[in-house]
Amino acid sequence: MIEVPAAAIALAKQFEGFHRVPKFDAQQRAYPYICPAGFWTIGYGHLCDQQHPPITQAQAEVYLARDLITALNGTLRYCPVLATEPGGRLAAIVDFTFNLGAGRLQTSTLRRRINQRDWPSAAQELRRWVYGGGKVLPGLLVRREAEIVQLLRHS
């Protein structure tokens, strides 16, 4: 069984962050917030509803671990070649899938380029996925470039 690469965990934590901890909360819990793409989110990018109770960082890590397993499974379902590639490549696409969902990966040209092992073209495809709410998000530009570094590290 393939495990979630440590680099995927690091990417998700780096770009999602443990946000929305109000100063008045002595327990340092995160509260639901609307992400730049317009979805209710809590902890490290876990989708939730507006009424979700606050969570601790430990609870956020549990959610993240589960969400990354889901992303890993979706990634390997649609890009089986990544099972035999260096871990950085898998990490990059697991982070992409965590961020945007397996459905986006499934229908993408990115998927075709990965399964063709065309890494330079896959990197170019990643650069197209920088929109949230119809506009380019600076955080997504930086995130995609970090994923590209992982993807191309062993080319």
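Read-outs: derived from the displayed coordinates by stated rules, not from any lab. Just so it is clear, the model here is predicted, and its values are computed rather than measured. Virtual Cβ from ideal backbone geometry, glycine too; neighbours counted across all protein chains shown.
Descriptive notes on the structure:
- Rounded to whole Hz, the Karplus (6.51, -1.76, 1.60) HN-Hα couplings of segment 121-138, x for glycine and proline: 5, 4, 4, 5, 5, 4, 5, 7, 9, 10, 9, x, x, x, 9, 5, 9, x
- Based on every Cα atom in segment 6-152, Rg and the maximum pairwise Cα distance Dmax equal 15.5, 52 Å.
- Taking the average, over residues, of other Cβ atoms within 10 Å as the packing measure, peptides 44-53, 97-106 rank 97-106, 44-53 from highest down.
- The simple Förster model, with R0 at 25 Å and r as the Cβ-Cβ distance, assigns ASN73 and GLU145 a FRET efficiency of 0.45.
- Dipole in debye (nearest 20) - the chain, about Cα centre, beta carbon charges: Lys, Arg +1; Asp, Glu -1: 380 debye
- Inter-label distance for THR109 and VAL136, nm, one decimal - labels placed 7 Å from Cα along Cα-to-Cβ: 1.7 nm
- Listed residue (GLY74, ILE42, GLN28) projecting farthest to the positive dipole end of the chain, Cβ model: GLY74
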